[in-house]
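J.: Handing you this structure, nothing more for now.
Please treat every number below as a calculation from the coordinates, not as lab data. Just so you know, these numbers come straight off a predicted model, no measurement behind them. Every residue, glycine as well, gets a Cβ built from its backbone with ideal geometry; the counts of neighbours run over all protein chains shown.
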Amino acid sequence: GAVVSQHPSRVICKSGTSVKIECRSLDFQATTMFWYRQFPKKSLMLMATSNEGSKATYEQGVEKDKFLINHASLTLSTLTVTSAHPEDSSFYICSAITGYEQYFGPGTRLTVT
Amino acid sequence: KQEVTQIPAALSVPEGENLVLNCSFTDSAIYNLQWFRQDPGKGLTSLLLIQSSQREQTSGRLNASLDKSSGRSTLYIAASQPGDSATYLCAVSPGGSQGNLIFGKGTKLSVKP
């Protein structure tokens, strides 16, 4: 099946710094990628839809200036958490669509201290 | 607004038992429904995808059903094994779109040897 990778798998950063998470579709081209966030014991929540070559579409309540998404190529989308705070600590998962199926990356655990 | 509910939140069974996980959704206008498996601290593995026009899908010991009109889906696991221990997530894709998944909180399954 199709493979989606994320890097890094874990990151610890200090409050106020920025962190970039990469999402790559390894063996297919993805015109659309999605970013989700999962808090402990909560559902995965869609943050934004990332379209190659255009601006991302953010879900209600997600600050677009804080969570910068760039989809520069058909195989790469990046999520940058700017000026991170401890409440941004979460598990971030990306996904990409090919055909009828959606494939998920392994996730990135962000801890902001 | 679409809401997805999974019952029970947690389930513990002895090895070999057959079990059913339940998922309900409030808006029957869905594009598809998926069941995922998530191991602790890991990403998602898609188990079964049911298109809105289908009533069930089977893969090995897993069988998922969909009753769109009543807003329900079940995941049946036959002859459970300790390796089946994980959190099982149900997600629906809103009607007319693909990829924008709305997740339930999951059912945490523990299969005791």
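J.: In whole Å, what are the extents of the protein assembly as shown along the principal axes defined by its C-alpha atoms, from largest to smallest?
T.: Between the extreme Cα coordinates on each principal axis of the protein assembly as shown lie 49, 38, 34 Å.
J.: If the reach is capped at under 21 angstrom between alpha carbons, list the lysines near B:LYS108, excluding any in the same chain fewer than eight residues apart.
T.: Result set, ordered by chain and number: A:LYS41, A:LYS42, B:LYS42.
J.: A follow-up question, please. Give me B:VAL4, A:VAL62, B:VAL20 ranked fewest to most by other Cβ atoms within 10 Å of their Cβ, as a rough exposure proxy. Walk me through the intermediate numbers first.
T.: Numbers: B:VAL4 24, A:VAL62 17, B:VAL20 11.
Lowest count first: B:VAL20, A:VAL62, B:VAL4.
J.: Could you tell me what percent of the DSSP beta bridges with both partners in the protein assembly as shown are antiparallel, to the nearest 5?
T.: If I count the DSSP bridges inside the protein assembly as shown, around 90 percent turn out antiparallel.
J.: Between region B:30-60 and region A:69-113, how many Å separate their Cα centres?
T.: Each part's Cα centre sits 21 Å from the other's.
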